[in-house]
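A short write-up of the structure that comes next.
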Amino acid sequence: MKKVGFVSLGCPKNLVDSEVMMGTLAQNGYEITNSADEADTVVVNTCGFIESAKQESIDAILEATALKAAGKASRVIVAGCLVERYRDDLIKELPEVDAFIGTSQVSEILKAADEKFDARKLTLKPIGNKTATYLYDEYAPRMRATQSHTAFIKIAEGCDRPCAFCSIPSMRGSFRSRRFGSIIEEARDLAKQGVKEVVLIAQDSSRYGEDLGEVDLLADLIRALGEIDELEWVRVMYAYPTHISDAFLAAIAETDKAVKYLDMPLQHASRNVLKLMKRGGTRESLEKLIARVRAHVPGIAIRTTFITGFPGETDADFEELIKFVQNCRFDNVGVFTYSDEEGTPAYDLPDKVDPKIAAKRRNILMKQQAKISRELGRAKVGETYKVIFEGLSQESDLLFQGRLEGQTQEIDGYILINDMPEKFDPQIGAIYDVRITEAHDYDLIGAIVPEALTK
């Protein structure tokens, strides 16, 4: 039996593609291994979003080809976004790679893995912005790489947004939604496998169903998923700020299993920078949006991301961003420095910001957010929250860990559990009441409440 090792890089959307490829191979007699050193075939599913991600992908490819050169692997396959973006260059520069498959060719993994097939002859077309059609469905086999109790569900593919810094449309194609029933069936199947939390993802989740002629279909989807008995939590990520409808917020507020959490990348708050980014809006309009979200869903945790050092960002623009973050007091924030990506509108913009200044601004913003997160965490001390249990902590074998509704796996912080009832056998994926006892910058410390276990 041929062994295939996977290296999956980038975002959760890319991870789902890897899971489908692994499932397809496993269903057809291949053995999937966690160790590339043990594999006959190594698959590197790449990210091509920003410079650091591209470099990580190249490094992973070179490590895989080194295994082949050393006789440890006989075949190397490169997949994903980097292939879509730099196909011709990769084929030219990496003759030792046996196959290249793009984001629209996930279903071609069997051909690529077949040693009798000359996979370099696979047709690869630049998908541009309109031609991609690939969407996985409920029938696609998946071998999940997440913990057993949680799973991502990709509800749409591609993006039509004109954001000046982003190359995703050129790598993933136009926005296209999966069928409503397909998503529900996949969720039901995952629930039967023991999944307790489903995380809905797309390049632009808030637009789900618009291309099908539907309005507020995401709200309907949340409510329908909330009716699946075995599921406990339904989470939405990657919502676009201009598409946060009242119906969507009402679905989160009124569906018991919908976690009170919103991931909504804002990227900036300055009118000047938002205009240059081709996103529009102002600090004032975004503050009104945040207030509306919190009014509709009391207690909701809001996560967002920002970019520092975008071309044309002045000291005044950055100060406005700082004040915006101070005022809004987000629960979780990620900050990236601008990456100058060829083929994007921002690449040709004047007034580039020195990378050192961009990095300095990022550090200032992250320090400000750490202070806010610490204050928000300390306000939770003494309170009791529902926590999904995840087993031993990644930090120490002496601690357990879990997550609040306001924490997404591998992205936000954790709650570290240092106390639980004697002889209690906690189950991964179960939800327990945990009393918060300490707060750090991003993580919390807590104890499982014994009296809640007897209810």
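The values are calculated or read from the model by the stated rules, or taken from the named source; none is laboratory data. Worth saying up front: this structure is predicted, and the values here are computed from it rather than measured. Positions of Cβ are backbone-derived with ideal geometry, glycine not excepted, and every protein chain shown enters the neighbour counts.
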Condition broken by G29, with the remaining ones in (1) on the phi > 0 side of the Ramachandran plot; (2) touching a strand residue (DSSP E or B) at 6+ places or on another chain (Cβ under 6 Å) satisfied: (2)
Some residue of region 343-357 being surrounded by 18 or more Cβ atoms within 10 Å (Cβ to Cβ), modelled with pLDDT under 95 and at negative phi: yes
Residue count for region 169-194, restricted to those that are assigned to a helix (DSSP H, G or I) and among the hydroxyl-bearing types (S, T, Y): 2
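Step by step: first the residues of region 132-186, then only those that are over 16 Å from the mean Cα position of the chain (by Cα) and acidic (D, E), then the one that is farthest from F389 (Cα to Cα). Which residue is that?
Within region 132-186, the subset over 16 Å from the mean Cα position of the chain (by Cα) is 132-143, 148-149, 160-165, 167, 169-171, 173-186.
Keeping just the survivors that are acidic (D, E) gives 137-138, 160, 185-186.
Details: D137: 29, E138: 27, D160: 37, E185: 26, E186: 23 Å.
Here the residue is D160.
Among D433, D443, D425, which is the only one that is among the charged types (D, E, K, R) and out of contact with any helix residue (DSSP H, G or I) (no Cβ under 9 Å at 6 or more places or on another chain)?
Details: D433 fails: out of contact with any helix residue (DSSP H, G or I) (no Cβ under 9 Å at 6 or more places or on another chain); D443 fails: out of contact with any helix residue (DSSP H, G or I) (no Cβ under 9 Å at 6 or more places or on another chain).
Exactly one residue qualifies, and that residue is D425.
Being within 13 Å of the chain's Cα centre (by Cα) and in contact (Cβ under 8 Å) with a residue 24 or more places away in the chain narrows it down to one residue among L15, L25; which is it?
Working: L25 fails: within 13 Å of the chain's Cα centre (by Cα).
The match here is L15.
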Those residues of region 149-168 which are of a type in the set (A, V, I, L, M, F, W, C) and not in a loop (DSSP other than H, G, I, E, B), in sequence order: A151, F152, I153, A156, I168
Check on K154, out of contact with any Lys or Arg (no Cβ under 7 Å at 6 or more places or on another chain), of a type in the set (K, R) and either outside the structural domain of V20 (by TED's automatic domain parsing) or at pLDDT 95 or above (or both): no
Per-region count, region 266-299, residues basic (K, R) and under 30 Å from Y385 (Cα atoms): 3
Any chance L231 is assigned to a helix (DSSP H, G or I) and within 21 Å of the chain's Cα centre (by Cα): no
The lone exception for A191 - which of (1) among the aliphatic types (A, V, I, L, M); (2) buried (at least 23 other Cβ atoms within 10 Å of the Cβ); (3) over 16 Å from A219 (Cα atoms) it fails: (2)
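Output the number of residues of region 258-298 satisfying the condition of being of a type in the set (D, E) and either under 23 Å from E197 (Cβ atoms) or touching a Lys or Arg at 6+ places or on another chain (Cβ under 7 Å) (or both).
If we filter region 258-298 for residues that are of a type in the set (D, E), which is where we start, we get 263, 284, 287.
Right, trim to either under 23 Å from E197 (Cβ atoms) or touching a Lys or Arg at 6+ places or on another chain (Cβ under 7 Å) (or both) and you get 263.
Matching residues across region 258-298 total 1.
Quick one: would you say L82 is at negative phi and not assigned by TED's automatic domain parsing to the domain that holds M22? Show your work before the answer.
Numbers: at negative phi: yes; not assigned by TED's automatic domain parsing to the domain that holds M22: no.
Spelling it out, it is not the case that L82 is at negative phi and not assigned by TED's automatic domain parsing to the domain that holds M22.
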